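The values are calculated or read from the model by the stated rules, or taken from the named source; none is laboratory data. Values in this document were obtained by computation on a predicted structure and should not be read as measured data. Here Cβ is always computed from backbone atoms with ideal geometry, including for glycine, and neighbour counts include all displayed protein chains. SASA here: full protein model, heavy atoms, side chains in, ligands and nucleic acids out. Shrake-Rupley method; radii C 1.70, N 1.55, O 1.52, S 1.80 Å.
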Amino acid sequence: MEKLIITVALTGNVHEKKTNPDLPVTPEEIAADVKRCTDAGASVFHVHARDSQHKPTLDESIYKEIVKKIKAVSPDVIIQLSTGARAGKGYKDRAAPVRLLPEMASFTTGSSNLPGIIYENSPEFIEFLAGVFKETGVKPEIEVFETGMINNALHLEKKGFIEFPIHFDFVLGAPGAMPGTVKNLLFLSESIPPDSTWTVAGIGKAEIPLSTAAIVLGGHVRIGLEDNLYMPDGSPASNVKLVEKIVTIAGEIGRDIAGPDEARSILTIPHENKNRICLS
Ligand code: ZN
């Protein structure tokens with residue numbers, strides 16, 4: 001079986017330090033957490049930015065600061081910037097992280113109701129963002145909250161915006177979207193073209209069980225405090241504790257862990273894109 005890629009969703013846009021003091025929010029904290037998680041076996045980092053008040057932001061200068069600090073401590077990891085909508089709704093603002101030329105960026109190809117918001121990705125916005133991915137050559141991670149989002153991604157391929165093989169992330173267990181069950185994971189993983197790669201992001205209590213299912217099925221895993229604040233025993237999680245848990249489970253099952261360069265090859269990210277990101 002292919003080696004296992006561990007992605008860490010470090011911060012997200014929702015949780016606050018008062019719920020979990022280990023949530024990294026400043027560029028310094030994020031970089032220090034990346035280093036810990038890299039040493040533990042993670043190779044891809046899904047990054048959100050927060051401003052000085054710890055509120056979600058798409059501010060380019062803060063993203064650059066975070067990336068610089070990550071590169072200083074973990075130069076080899078794959079950085080995946082978020083294009084999520086909680087930090088800003090303007091088309092240009094949401095595309096700004098892609099224009100910084102990270103190796104990867106997230107791309108949700110549809111709308112859903114999430115706690116407190118309509119996570120809105122209109123057909124027009126999806127085509128706009130797809131155009132930016134095409135223009136920049138950044139590898140999208142297609143975030144799938146509902147089955148139709150797979151079809152939308154395949155439609156973008158047909159129209160020439162994105163290329164096969166496509167990498168999908170199945171986000172399961174978010175209140176308002178598809179429940180975090182193994183049945184749903186099987187259904188989604190069998191609904192994508194055979195040369196695709198996939199990751200699962202189980203939300204809350206679904207995180208470790210769905211990650212375990214993905215390890216067995218040959219998929220990859222995304223864990224982290226963005227998605228889940230607790231360990232399976234109910235104690236507070238930290239990003240590194242979650243990575244260590246996945247490494248332990250993969251070890252028990254006999255699945256090896258991919259390093260960053262192996263992850264690049266599996267995800268078909270050109271190795272020369274490693275240091276393309278704009279930092280000045
Ligand atoms: Zn995110």
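Observations on the model:
- Search result, residues across the stretch 85-129 that are of a type in the set (Asp, Glu) and either part of a loop (DSSP other than H, G, I, E, B) or within 14 Å of the ligand (Cβ to nearest atom) (or both): 103, 120
- Subset of the stretch 3-50 [open to solvent by 10 Å² or more (accessible area, probe 1.4 Å), over 16 Å from residue 63 (Cβ atoms) and of a type in the set (S, T, N, Q)]: 19, 38
- Among the residues making up the stretch 112-131, a single one is open to solvent by 60 Å² or more (accessible area, probe 1.4 Å) and of a type in the set (S, T, N, Q): 113.
- Residues of the stretch 56-84 satisfying the condition of being within 15 Å of the ligand (Cβ to nearest atom) and either more than 19 Å from the chain's Cα centre (by Cα) or assigned to a loop (DSSP other than H, G, I, E, B) (or both): 58, 82, 83, 84
- Test: residue in the stretch 177-186 that is closer than 27 Å to residue 74 by Cα and open to solvent by 10 Å² or more (accessible area, probe 1.4 Å): no
- Of all positions in the stretch 40-54, at least one carries a residue that is away from the ligand (no atom under 16 Å from the Cβ), part of a helix (DSSP H, G or I) and within 21 Å of residue 242 (Cβ to Cβ).
- Assessment of the stretch 126-137 against the conditions (in contact (Cβ under 8 Å) with a residue 60 or more places away in the chain and under 21 Å from residue 13 (Cβ atoms)) yields no matching residue.
- Residue check for residue 22: acidic (Asp, Glu), part of a helix (DSSP H, G or I) and either within 13 Å of the ligand (Cβ to nearest atom) or closer than 30 Å to residue 251 by Cβ (or both): no
- Top-ranked residue of the stretch 230-241 - restricted to ones that are farther than 18 Å from residue 6 by Cβ and of a type outside the set (Gly, Ala, Ser), ranked as surrounded by the fewest Cβ atoms within 10 Å (Cβ to Cβ): 233
- Pairs are defined by a Cβ separation below 6 Å, a sequence spacing of at least 6 or placement on different chains, a first member in the stretch 154-174 that is without any contact (Cβ under 8 Å) to a residue 12 or more places away in the chain, and a second member that is open to solvent by 50 Å² or more (accessible area, probe 1.4 Å); no pair meets this definition.
- Qualifying residue in the stretch 144-165 (condition: within 22 Å of residue 261 (Cα to Cα), at pLDDT 95 or above, surrounded by fewer than 21 Cβ atoms within 10 Å (Cβ to Cβ) and aromatic (Phe, Trp, Tyr)): yes
- Selection of the stretch 176-191 for residues being closer than 24 Å to residue 118 by Cα and more than 18 Å from the chain's Cα centre (by Cα) yields 176, 179, 181, 184.
- Residue under evaluation residue 194, criteria (1) within 30 Å of residue 116 (Cα to Cα); (2) open to solvent by 20 Å² or more (accessible area, probe 1.4 Å); (3) part of a loop (DSSP other than H, G, I, E, B), criterion not met: (1)
- The set of residues in the stretch 242-275 being open to solvent by 10 Å² or more (accessible area, probe 1.4 Å), closer than 19 Å to residue 47 by Cβ and charged (D, E, K, R) consists of 274 alone.
- The stretch 210-249: number of residues that are of a type in the set (S, T, N, Q), free of Cβ contacts under 8 Å to residues at least 40 places away in the same chain, outside any helix (DSSP H, G or I) and more than 18 Å from residue 172 (Cβ to Cβ): 1
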